[in-house]
Amino acid sequence: MTNQNVVASDEKSAVDIRIRFLLPKSLFSPDGPKPLPAPRLAKKIETGGVATAAAKTNAWVNSMRDSSPTRVKSTCSLSESEEKNSWIMNHPSALSMFEQIVNASKGKQIVMFLDYDGTLSPIVEDPDRAFMTNEMREAVRDVARYFPTAIVTGRCRDKVYSFVKLAGLYYAGSHGMDIKGPSKSRKYKKDQQALLFQPASKFLPMIDEVCKVLVEKTKSIPGAKVENNKFCVSVHFRCVEEKMWAALAEQVRSALNDYPQLRLTQGRKVLEIRPTIKWDKGKALEFLLESLGYANSNDVLPVYIGDDRTDEDAFKVLRNRGQGLGILVSKFPKETNASYSLQEPAEVKDFLRRLVEWKRISFGRACRV
Ligand SMILES: O=P(O)(O)OC[C@H]1O[C@H](O[C@H]2O[C@H](CO)[C@@H](O)[C@H](O)[C@H]2O)[C@H](O)[C@@H](O)[C@@H]1O
């Protein structure tokens, strides 16, 4: 994987102008936030091709090292703080741009899409203990009272529900391959039936099988953890010593050799195995908008908040639609298709609370008129 400068050189003059006005490029569009040109994103790990097994494993290990970088490595002469400032100019804080964001939503229905790990809950060593705080739960519950809200996660849907514990939301588990609508979703659409969509259902036995194979193959690697996410599998290496990463990658690679219908992607210190179908968090976002009746509508403002590589698929969809806001949760500059940023889950909670407060005030005003 190659790391790029956070601000491409051909964008520098535009950046200077935005510095003068202290406004993000995304707000220069009359329709509100508009996509930035797509940055050069990290290459996906290829599982096919003619590379030798060793070369493939090596490539995987390099990609594992680059995963979840603390910052984009610089190839230009800017200092770290200058780079960070430039990045913030291009991806300003959604909190400091709050007024502009809600102005862009005037006359539109906000639909909220929230990733779970690293967005609603902090990243922790044990994936089974990634709990969200009660304050965050209240913020999400309140947001869902005003806006259709979906949790979009790589996790198994039941597992994420056991963390979020809120009815009345849409849940898209397994990177969007397992979508369920609220059982009483009449709130937003009168005749709406409960929604269930599982585009990868035929892969269920295969995923179960490969999961067992992976548990067996990785059990000699201390710290490795295999998580069955129903339509995909996570192999965690957060607690694996770096000197063992090659051995882990080799085990996963050899397991995948027998499953050409599965592919590998990567998240934060995790290798993810999923079906080769063209479905991801971006497709899930489009599907949910369509289910809510906003397929070709200009009256909607989808807001997607996420922290991970897999959330980039959703940010990209918003960019391509020229509609909505992608908000990346990160303390560090990263290549992203998102337009805005928040530093950590605590800021996500503040943003959700402000949205609720703004909605309550504007709703109160509307009632008084
Ligand atoms: O789409 P998400 O909701 O962000 O889920 C992506 C993966 O999140 C979890 O793993 C990550 O969080 C763990 C807990 O903080 C952390 O230990 C791990 O290193 C991270 O990769 C989850 O366990 C995975 O199954 C999800 O695919």
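The values are calculated or read from the model by the stated rules, or taken from the named source; none is laboratory data. None of the values given here were measured: they were computed from a predicted structure. Counting neighbours? That spans all protein chains shown, and the Cβs are built from the backbone with ideal geometry, glycine included.
One table, with the values for the structure above:
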| item | result |
| --- | --- |
| Sole exception among (1) within 24 Å of MET177 (Cβ to Cβ); (2) without any contact (Cβ under 8 Å) to a residue 60 or more places away in the chain for GLY306, by number | (2) |
| Pairs where the first residue, in region 142-156, is of a type in the set (S, T, N, Q) and the second is in a loop (DSSP other than H, G, I, E, B) and within 16 Å of the ligand (Cβ to nearest atom), C-beta under 6 Å, 6+ apart | THR149/LEU169; THR153/TYR116 |
| Of all residues making up region 216-241, the number that are of a type in the set (D, E, K, R), within 26 Å of the chain's Cα centre (by Cα) and either buried (at least 17 other Cβ atoms within 10 Å of the Cβ) or within 14 Å of LEU264 (Cβ to Cβ) (or both) | 3 |
| Matching option when the condition is among the aromatic types (Phe, Trp, Tyr), over 21 Å from LEU169 (Cα atoms) and within 14 Å of the ligand (Cβ to nearest atom), among PHE231, PHE237, PHE315, PHE332 | PHE237 |
| Odd one out for GLY267 among (1) farther than 23 Å from ASP66 by Cβ; (2) surrounded by fewer than 21 Cβ atoms within 10 Å (Cβ to Cβ); (3) small (Gly, Ala, Ser); (4) in contact with a Gly (Cβ under 8 Å, 6 or more places away or on another chain) | (1) |
| Residues of region 123-138 that turn out to be near the ligand (Cβ under 7 Å from one of its atoms), in contact (Cβ under 8 Å) with a residue 24 or more places away in the chain and of a type outside the set (A, V, I, L, M, F, W, C), as a count | 2 |
| Any hit, region 308-320, residues being of a type in the set (Asp, Glu), more than 30 Å from LYS225 (Cβ to Cβ) and either in contact with an Asp or Glu (Cβ under 6 Å, 6 or more places away or on another chain) or at pLDDT 95 or above (or both) | no |
| One residue from GLY306, GLY322 being more than 13 Å from ILE110 (Cα to Cα) and within 15 Å of the ligand (Cβ to nearest atom) | GLY306 |
| Output for region 223-267, where each listed residue is of a type in the set (D, E, K, R), touching a strand residue (DSSP E or B) at 6+ places or on another chain (Cβ under 7 Å) and within 17 Å of ASP128 (Cα to Cα) | LYS225, GLU227, LYS230 |
